[in-house]
Amino acid sequence: MYSNEHKKYLKKIKINNFLIRFTQILIIFLIIFLWQYAANHNLINTFISSSPKEIVKTIINLYKDGTLFHHIWITFYEVIISFLIATLGGILIATLLWRFKFLSKVIDPYLTILNSLPKVSLGPIIIIIAGASAKSIIIMALFISIIITIINVKQAFNNVDENKIRLLKSFKSKPHQIFFKLILPSNYNNLINVCKVNIGLIFIGVIMGEFLVSKAGVGYLIMYGSQVFNLNLVMTGIILLSVMATLLYYLIVFIEKRLQK
Amino acid sequence: MDILKVKNLRKTYHTKKNEILAVEDFSLNLKQGEFVAIVGPSGCGKSTILSILCGLDKASSGKIEIDKNLKFGYMLQGDNLFDWRNIYKNCLLGLELENNLTKENINYVNKLLDTYGLKEFKKAYPNNLSGGMRQRVSLIRTLATKPDILFLDEPFSALDYQTRLAVSDDVYQIIKKEKKSAIMITHDISEAISMADRIIVLTKRPSKIKNIYEIKLTNRSTPIQNRKAKEFAYYYDKIWKDIDYHV
């Protein structure tokens, strides 16, 4: 059994955790309440700033139209597809660059150029080549995240302890063995982090793509809302996005914990 | 009988600015079951010699004669255990890489783990082990592939002094018990005298052989006991003067 002192210590941690959670929830309720209060008493212009009630109404209307989940699904689909291609493709290319140092050195300045280039500027070209479709949006998102994925993963792979590589070489291992026995498992945490960063980047890319060209999706809702000056729709879009991005982030955290077991 | 013959080994390193002669002339004959230590000032190219012997590096010139059927085991500075593998899996690494996970070999690894006090730690991860235990795991990983010659490159340098004494005792006895030949690099003169049958002293870079000592101690036993032998100080003094440390 635990000593009294230890019980007290555990209780203190529990209370502390509870207080943190409580304050977090309090803040969100306070914001919603103040926002609605200000809207009700005409302290703010609801035409520009919308209000929680209006947002809920907009969501319900979208749901009744049957378009709510359509828009969410379109954006979600674009995010997942680009996320998978960017992450897996980025890791694959980084692996090739790790394996073939000559290729890596040749390609290095091009990676730097592509990385520093503001990817939105490619938007018009992508639309002309790939057409005004989801394809363009996915390519946009890919450009934004894959370059930085390649750079980060390559660096992580190259940072593996040289002594451990020598150890494997002393067992006469082949490059693919070094990769699967050492490089990949030792970079497990780095790869998870790359995934977490990528989710954020992909959302930027997808929404940017939807702003430029789209017929549906949450980015389309925001763009459409701003064009017809329906700020309720804009705010609703932003709220939907933050919920989606958070859920996907926690999905990765969940998968990470699952894999650790 | 000599199982390894090295003659006039020479190694030059090339950098953009210049070339560095690391090893000028190194020769060695290793007998079956012999424990040879190589000592020398730091940065004198000791590790280079080992890298060349186990094929990780190429010599510029010189001859290495070795029986084709002999196998090497290389133990580097630090234990280099893989944190994501448990102790048992760490020990099997070499066998996995050689596609040699036969029942017989796995039994051998289990036996080694049992014999050298790691029975209860098979499922543990390296982070939960003490430095000395990690070093033992590292040795078992090397022994698992049944090498005939062990190359030890400052194997204990990461350990604190007390642990170092205990572990070198351990490792020495394991090597002797398994009847392996070994070449150990160290900068610790007493460690060399207490463990080796023969000590090769190198000059500073470019390294050449300065002196060779056959270590003959009365009542030779374990490394810690050997430190008490009356010849110990004599050898220490000689080698110290050979190395000629300047501060």
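The values are calculated or read from the model by the stated rules, or taken from the named source; none is laboratory data. What you see is a predicted model, and the numbers here were worked out from it, not measured in a lab. Cβ placement follows ideal geometry from the backbone for every residue including glycine, while neighbour counts extend to all protein chains displayed. Ligands, DNA and RNA are excluded from the accessible area calculation, which covers all protein heavy atoms including side chains. Shrake-Rupley method; radii C 1.70, N 1.55, O 1.52, S 1.80 Å.
How much of the DSSP bridge set in the protein assembly as shown is antiparallel, in percent, rounded to the nearest 5?
If I count the DSSP bridges inside the protein assembly as shown, around 50 percent turn out antiparallel.
Over the Cα atoms of chain B, how large are the radius of gyration and the largest Cα-Cα distance (Dmax), in Å?
Taking only Cα atoms of chain B, I get Rg and Dmax of 18.3, 54 Å.
Could you check the spin-label model distance between A:LEU247 and B:LYS122? Points 7 Å from the Cα along Cα→Cβ, value in nm.
So the two model labels end up 4.6 nm from each other.
Roughly speaking, to the nearest percent, how much of chain A's 1.4 Å accessible area is carbon and sulfur?
Solvent-exposed carbon and sulfur of chain A make up 70 percent of the total.
Using DSSP, restrict attention to beta bridges with both residues in chain B and report what percent are antiparallel, rounded to the nearest 5.
Of all bridge pairs located within chain B, approximately 50 percent are antiparallel.
B:TRP84: accessible area at probe 1.4 Å, nearest 10 Å²?
Here the residue's solvent-accessible area equals roughly 90 Å².
Sort A:HIS176, A:HIS6 by heavy-atom solvent-accessible area, probe 1.4 angstrom, most to least.
A:HIS176, A:HIS6
Report, in deg cm²/dmol and to the nearest 500, the calculated mean residue ellipticity at 222 nm for chain B, where each DSSP H run with n ≥ 4 adds -39500 (n - 2.57) and the sum is divided by the residue count.
When only DSSP H runs of four or more count, the value is -10500 deg cm²/dmol.
For the range A:125-216, take the convex hull of the Cα atoms, compute a quarter of its surface area, and give me that in nm², please.
Convex hull of Cα atoms, orientation-averaged projection: 7.2 nm².
At a probe size of 1.4 Å, how large is the accessible area of A:TYR77, to the nearest 10 Å²?
100 Å²
Short version: which residues of the range B:84-120 lose at least 50 Å² of accessible area, all chains versus chain alone, 1.4 Å probe?
B:TRP84, B:LEU97
Treating only the Cα positions of chain A as identical point scatterers, give the base-10 log of I(q)/I(0) from the Debye formula at each q in 0.08, 0.13, 0.15, 0.16 Å⁻¹.
-0.49, -0.99, -1.12, -1.18
Provide the gained length on full extension for the span A:LEU43 to A:HIS6, in nm with one decimal, where the gain is 0.36 nm per separating residue minus the Cα-Cα distance.
Extra length available between A:LEU43 and A:HIS6 comes to 8.2 nm.
How large is ³J(HN,Hα), in whole Hz, for each residue of the range B:108-123 in order, when computed from phi with the Karplus curve 6.51 cos²θ - 1.76 cosθ + 1.60 and θ = phi - 60°, using x for Gly and Pro?
Values, residue by residue: 4, 4, 4, 5, 4, 4, 5, 5, 9, x, 10, 3, 7, 9, 4, 8 Hz.
Give the total of Lys-Lys pairs in the range B:111-181 with Cα-Cα distances below 12 Å; include a pair only if its members are 8 or more places apart or on different chains.
Eligible lysine pairs with Cα atoms under 12 Å apart amount to 4.
Can you give me the % of accessible surface on chain B that is carbon or sulfur? Probe 1.4 Å, all protein chains present, nothing else counted.
Carbon and sulfur atoms account for 49 percent of the accessible area of chain B.
How do B:LYS68, B:LYS179 stack up against each other in accessible area, from largest to smallest, with a 1.4 angstrom probe?
B:LYS68, B:LYS179
For the pairing of chain B with chain A, what total accessible surface becomes buried, with a 1.4 angstrom probe, in square angstrom to the nearest 100?
Summing both chains' loss of accessible area gives about 1600 Å².
Please work out how much accessible surface B:THR102 shows to a 1.4 Å probe, ignoring ligands, DNA and RNA, in Å² rounded to 10.
60 Å²
Between the chain alone and the structure with every protein chain in place, find the residues of the range B:69-83 that drop at least 40 Å² of accessible area; heavy atoms, 1.4 Å probe.
Correct list: B:TYR74, B:LEU76, B:ASN80, B:PHE82.
Express in whole angstrom the spacing between the alpha-carbon centres of the range B:117-192 and the range A:128-169.
Between the Cα centre of the range B:117-192 and that of the range A:128-169, the gap is 40 Å.
Given an 8 Å cut-off on Cα distances and at least 6 residues of separation, report the relative contact order of chain A as a percent.
Relative CO of chain A lands at 25 percent.
What do you reckon, how do B:GLU19, B:GLU98, A:GLU78 stack up by accessible area (1.4 Å probe), largest on top?
Ranking B:GLU19, B:GLU98, A:GLU78 by accessible area, largest first, yields B:GLU19, B:GLU98, A:GLU78.
Applying 1/(1 + (r/R0)^6) with R0 = 60 Å to the Cβ-Cβ distance of A:ILE60 and B:ASP114, what FRET efficiency is obtained, to the nearest 0.05?
So the FRET efficiency works out to roughly 0.30.
Would you look at the GNM of chain B, springs on alpha carbons closer than 10 Å, and say which of B:THR186, B:THR15, B:THR218 moves the most?
Checking each option, the largest mean-square fluctuation is seen for B:THR15.
With r defined as the distance between the Cβ atoms of A:ILE255 and B:SER60 and R0 fixed at 56 Å, what FRET efficiency is calculated, to the nearest 0.05?
Using R0 = 56 Å, I get an efficiency of 0.65.
How much area per residue is accessible in the protein assembly as shown when the probe is 1.4 Å and only protein heavy atoms are counted (Å²)?
Value returned for the protein assembly as shown: 55 Å² of accessible area per residue.
Using only DSSP helix segments of four residues or longer, with each worth -39500 (n - 2.57), what per-residue ellipticity at 222 nm results for chain A after dividing by its residue count and rounding to 500?
Helix contribution divided over all residues of chain A: -27500 deg cm²/dmol.
May I have the extent of the alpha carbons of the protein assembly as shown along their three principal axes, as whole Å values ordered from largest to smallest?
Ordered largest first, the protein assembly as shown gives principal extents of 100, 66, 53 Å.
Go through the range A:149-180 and flag every residue whose accessible area shrinks by 30 Å² or more with all protein chains in place compared to the isolated chain (probe 1.4 Å).
Residues of the range A:149-180 that lose at least 30 Å² of accessible area once the other chains are added: A:ASN163, A:LYS164, A:ARG166, A:LEU167, A:LEU168, A:SER170, A:PHE171, A:GLN177.
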